[in-house]
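Q: Following this message is one structure expressed as structure tokens.
Bear in mind these aren't lab numbers, they're just calculated from the coordinates by the rules spelled out. As the structure is a prediction and not an experimental result, all values here were calculated from the model. Cβ placement follows ideal geometry from the backbone for every residue including glycine, while neighbour counts extend to all protein chains displayed.
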Amino acid sequence: MGSVPEFYIGSPVESADLRFRGEFVAELWKALRIGHVVLTAPRRTGKTSVMDYLRDCPENGFRVVSVNVQDLTHPADIFLVLLDAFHDAYPGFLRDRLAKGWGHVSGAFDRVESIGAGGFRLALRGSDPDWNRNWRRHGDTFLARARATGVPILLIIDEFPDMLLNLSREDEELLREFLAWLRTQRQKPAPSRDSIRWLVGGSVNLTSTLHALGMVDLINDLQDISLPPLTDEDIQTFVVDMLDGREVPFDIEVPQRLVARLGRPIPYFMQIATQNLFRLWKREQRSLASTDVDAVFNEMIVGSAARTQLQHYHSRIRQYYEGPKQSIALALLGQISVSEVGLARATLLQEAERALAGLGAGLPEHERRQLFNRLMFDLENDFYVVEVEGGRYDFASGVLKSWWRKYHA
Ligand SMILES: Nc1ncnc2c1ncn2[C@@H]1O[C@H](COP(=O)(O)OP(=O)(O)O)[C@@H](O)[C@H]1O
Ligand SMILES: [Mg+2]
């Protein structure tokens, strides 16, 4: 690191500024040697930053392209965006190897000049009026040609569960066909003999998403790797370096206090809090104390920078939790948010029973229990709660807990 990194408030961290992820990046490359990987973690925890890093600093001879498929609604689109990404990152490789003799794609090269910005994708789509209907053929051709180059290729598909949810809303049968096709592509040839690797990322739990649709078996060959949280030490290092680097004087307790207030370290909140400390210093030009950290956190909970992200945690329950799970989840989180140190599992079960009774859902006991267990699993997996001392469950993020208590208890 030459100069002091910028603050990143929301956008992925640029590869030159990425820190604390060295070991994890190595772990990913290692996992990718033997198979395909799914990387999940909630929004704004640093997935895209890591995936961008793999793209910008490839290892083991890989060519890496990365696409965000959040808004795609058809399988055919994924090949368009992948080819487009190749066109941006490796135009020579695409033209001379991948697309050589593939009329649809090589033809697009000739027309792209006349179409202008975003042109390659348009030109590709224009190369086959039935591009959507022929998605499978284009997909087969694309992957077969990519393999024929003999060059290791890593395809990074960010926000994949969102695309699957879009698809499930449009055409559930098509979703099933697409997932089955993709699974076959991942298994034939077997990864040990395949030069292609898939790394899919997502902010919602892929397994839960597909469980609800009865399609988990279509992705269970992917190795599930979760993004490790930054350690207390990482956070302290971050705070010290960002403040020292800007010549901001602060009391020795400041970094520790920030760690304590953060709770589960969501890096986005870490950045906002540190930037706000820096701004406070700019305004007041005095040494910062740990009471300033408290002020910054209290401000953050009501302030606008964090609001969208916090709101996302709340609204994604409505979006992704089905049926009775939705109101039970909201009831449980409301109760936990007003607890001092979390609630026992037995207490939460009672609370869930109460919420269920309120819904008038007359489920037999074992089904109620199953629903509860499943829900607790999701809430843990989606990083709302963690098991803390004494078998109690508390909010994973201190910031989220305070916010929830204020607006949703
Ligand atoms: N290694 C890191 N160090 C410091 N901050 C980070 C790091 N990774 C992510 N962040 C913070 O998290 C935010 C979101 O990062 P991003 O990679 O886009 O997350 P995701 O893809 O999980 O939503 C960034 O804007 C930055 O504030
Ligand atoms: Mg992302």
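Q: Only counting other Cβ atoms within 10 Å, I'd like His104, His314, His366 sorted with the fewest neighbours first.
A: His366, His314, His104
Q: Compute the angle between helix 47-56 and the longest alpha-carbon principal axis of the chain, please, reported from 0 to 90 degrees and rounded to the nearest 10.
A: Computed tilt is about 40 degrees.
Q: Restricting everything to alpha-carbon atoms, can you work out Rg to Rh for region 206-323 with a Kirkwood hydrodynamic radius?
A: Using only Cα positions, Rg/Rh for region 206-323 is 1.13.
Q: Using alpha carbon coordinates only, what is the Rg to Rh ratio of region 21-226, with Rh defined as the Kirkwood radius?
A: 0.94
Q: Fewest Cβ neighbours within 10 Å first, please rank Ser3, Ser337 accordingly.
A: So the ranking, lowest neighbour count to highest, is Ser3, Ser337.
Q: Counting pairwise Cα distances across the chain, what percent come out greater than 32 angstrom?
A: Cα-Cα pairs in the chain separated by more than 32 Å: 45 percent.
Q: Quick one: what Rg and Dmax do you get for region 35-153 from the alpha carbons, in Å?
A: Cα only, region 35-153: 14.9, 42 Å (Rg, Dmax).
Q: Take Val105, Val69, Val293 and order them by how many other Cβ atoms sit within 10 Å, fewest up front.
A: Ordered by Cβ neighbours within 10 Å, fewest first: Val69, Val105, Val293.
Q: Build a GNM of the chain with springs between Cα atoms under 10 Å: which of Asp292, Asp221, Asp251 gets the top mean-square fluctuation?
A: Asp251
Q: So what's the back-of-envelope 222 nm ellipticity for the chain, counting only DSSP H runs of four-plus at -39500 (n - 2.57) apiece and dividing by all residues, rounded to 500?
A: -18500 deg cm²/dmol
Q: So how tilted is helix 160-170 from the main axis of the chain? Cα-based, degrees 0 to 90, rounded to 10.
A: Approximately 70 degrees, to the nearest 10.
Q: Apply the Karplus curve 6.51 cos²θ - 1.76 cosθ + 1.60, θ = phi - 60°, to the phi angles in region 8-15 and return the couplings in whole Hz, x for Gly and Pro.
A: Karplus values, whole Hz, x for Gly and Pro: 10, 10, x, 7, x, 5, 5, 4.
Q: May I pose another question? Return, for the Cα atoms of region 335-408, the radius of gyration and Dmax in Å, separated by a comma.
A: When restricted to the Cα atoms of region 335-408, Rg and Dmax are 12.8, 37 Å.
Q: Let me ask something else. Say each of Ala144 and Phe109 gets a label point 7 Å from the Cα, pointing the same way as Cα to Cβ; how far apart are those two points in nm?
A: 2.0 nm
Q: Still on this structure, please answer the following. With angles folded into 0 to 90 degrees, how steeply does helix 290-302 sit against the dominant principal axis of the chain? Use alpha carbons for both and round to 10.
A: Computed tilt is about 60 degrees.
Q: Another question, if that's okay. Which lysines does Lys401 reach when only Cα atoms under 23 Å apart count, and residues fewer than 8 places away in its own chain are ignored?
A: Lys47, Lys325
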